[in-house]
1. Scan the range 170-177 and tell me whether some residue there is within 26 Å of ALA114 (Cβ to Cβ), modelled with pLDDT of 95 or more, touching an Asp or Glu at 6+ places or on another chain (Cβ under 7 Å) and in the same structural domain as THR117 (by TED's automatic domain parsing).
2. Let me confirm something: among MET193, MET167, which residue is within 11 Å of the ligand (Cβ to nearest atom) and either outside the structural domain of GLU87 (by TED's automatic domain parsing) or in a helix (DSSP H, G or I) (or both)?
3. Out of VAL238, VAL265, report the one residue that is in the same structural domain as GLU205 (by TED's automatic domain parsing), of a type in the set (A, V, I, L, M, F, W, C) and in contact with a strand residue (DSSP E or B) (Cβ under 9 Å, 6 or more places away or on another chain).
4. So, of the residues in the range 75-98 that are buried (at least 19 other Cβ atoms within 10 Å of the Cβ) and closer than 20 Å to GLU151 by Cβ, which turns out to be nearest to the chain's Cα centre (by Cα)?
5. Using the structure shown, decide if ALA231 is more than 14 Å from the ligand (Cβ to nearest atom), in a helix (DSSP H, G or I) and in contact with a strand residue (DSSP E or B) (Cβ under 8 Å, 6 or more places away or on another chain).
6. Consider the range 1-41. How many of its residues are among the aromatic types (Phe, Trp, Tyr), surrounded by fewer than 24 Cβ atoms within 10 Å (Cβ to Cβ) and within 16 Å of the ligand (Cβ to nearest atom)?
7. How about the range 213-232: which of its residues are loosely packed, with under 15 Cβ neighbours inside 10 Å and closer than 18 Å to LYS289 by Cα?
Amino acid sequence: MKLIAVIGSGTMGNGIAHTFAQFGYQVNLVDINNEALERALGTISKNLDRQVAKGAISETDKTNTLKNINSFTDTKAGVEAADLVVEAATENLELKLKIFKDLDTFAKPGAILASNTSSISITKIASVTNRGDKVIGMHFMNPVPVMKLVEVIRGYATSDETTALVMELSGKLAKEPVEVNDYPGFVANRILMPMINEAIYTLYENVAGVAEIDTVMKLGMAHPMGPLQLADFIGLDVCLAILKVLHDGFGNPKYAPCPLLVNMVIAGNKGIKSGEGFYNYANGPKDAKVAAKFAK
Ligand code: CAA
């Protein structure tokens, strides 16, 4: 594996491109939007600066990492020579199915097609390709350069060979890969999202306020962020979409999204990316304040 194509240059896509490039892989970063690509390269450069400032990498490592990344607005040109394609586009089933049909047409026959989906069925994604044995989930966590986990998801048709290659490759990125099977939410979000949803219900039922709920989980359970802050960080629209996948996939009412979450997403309060969720980010994520709506 030498050349990796990454589809989508948002938060996850740029983190995935950053990580592969940092570990010496050539990366083709693909996005239909040229401005998004420019923004992504700026973000990668800023995040590399953080690593240089901490002494985790050198200035030369930063320069080499940036040199390893080429950007493309044309999917065919970006993926045709790749050994592995990692799709990190918006979490939308129809969009992912369309992308995978294209990837199956454009990528060379031996290439592995991975999705960074946080909850969409790998088996369903694979079903629109003619290479189900080479389709797999590679679920990175945000922020990708920092988080050690790659959840490697085997679809119904994913081969042992593909799984072994992706497990080995994840290890080469200094990550800890964990192999899981393809059922709604896989492992990470099957456990994380009900916790976040329960935190939102706890707020909705006025058991405690935003800061109180997050403090209990931060100080009581040693979580780096409270569940409401984490929901803002992930994106409330993403949390809602994943909960719907769990609810539909298992048909169990325990996964029903809290009505407060539904209302916040409809109102456009999606967390950090929209400037407000449970917290207000007018002064940036570091100085977040409990949103006026929830302030006591
Ligand atoms: N790139 C490179 N380095 C980064 C970075 C980035 N994007 N973001 C943070 N860092 C580094 C910092 O430089 C710092 O490095 P050192 O440890 O060497 O000092 C370290 O990460 C910690 O950063 P900060 O000091 O700025 O802030 P912090 O201590 O509050 O940590 C955090 C930030 C790592 C995000 C931490 O709050 C955390 O672990 N939060 C929980 C993250 C989490 O749960 N992620 C999973 C979300 S779920 C998901 O992604 C998948 C899904 O399907 C929904």
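1. No, the range 170-177 contains no residue that is within 26 Å of ALA114 (Cβ to Cβ), modelled with pLDDT of 95 or more, touching an Asp or Glu at 6+ places or on another chain (Cβ under 7 Å) and in the same structural domain as THR117 (by TED's automatic domain parsing).
2. Working: MET167 fails: within 11 Å of the ligand (Cβ to nearest atom).
Exactly one of MET193, MET167 is within 11 Å of the ligand (Cβ to nearest atom) and either outside the structural domain of GLU87 (by TED's automatic domain parsing) or in a helix (DSSP H, G or I) (or both), namely MET193.
3. Details: VAL265 fails: in contact with a strand residue (DSSP E or B) (Cβ under 9 Å, 6 or more places away or on another chain).
When all the criteria are applied, what remains is VAL238.
4. Start the filter on the range 75-98 by keeping residues that are buried (at least 19 other Cβ atoms within 10 Å of the Cβ), which leaves 75, 78-79, 82, 84-89, 91, 96.
Filter once more, keeping what is closer than 20 Å to GLU151 by Cβ: 84-89, 91, 96.
Numbers: LEU84: 17, VAL85: 15, VAL86: 11, GLU87: 10, ALA88: 7, ALA89: 9, GLU91: 9, LYS96: 14 Å.
Applying the filter and picking the extreme gives ALA88.
5. For ALA231, the condition - more than 14 Å from the ligand (Cβ to nearest atom), in a helix (DSSP H, G or I) and in contact with a strand residue (DSSP E or B) (Cβ under 8 Å, 6 or more places away or on another chain) - is not met.
6. The qualifying residues number 1.
7. Pass one, the range 213-232, residues loosely packed, with under 15 Cβ neighbours inside 10 Å: 215, 219-222, 224-225.
THR215, PRO224, MET225, listed by residue number.
For every residue, the table says whether it meets (1) assigned by TED's automatic domain parsing to the domain that holds GLY42; (2) closer than 30 Å to ASN130 by Cβ; (3) more than 16 Å from the ligand (Cβ to nearest atom).
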residue	(1), (2), (3)
LYS54	yes, no, no
LYS67	yes, no, yes
THR75	yes, yes, yes
VAL85	yes, yes, yes
LYS96	yes, yes, no
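The values are calculated or read from the model by the stated rules, or taken from the named source; none is laboratory data. Just so it is clear, the model here is predicted, and its values are computed rather than measured. Here the Cβ is made from the backbone with ideal geometry for all residues, glycine too, and neighbour counts use every protein chain on show.
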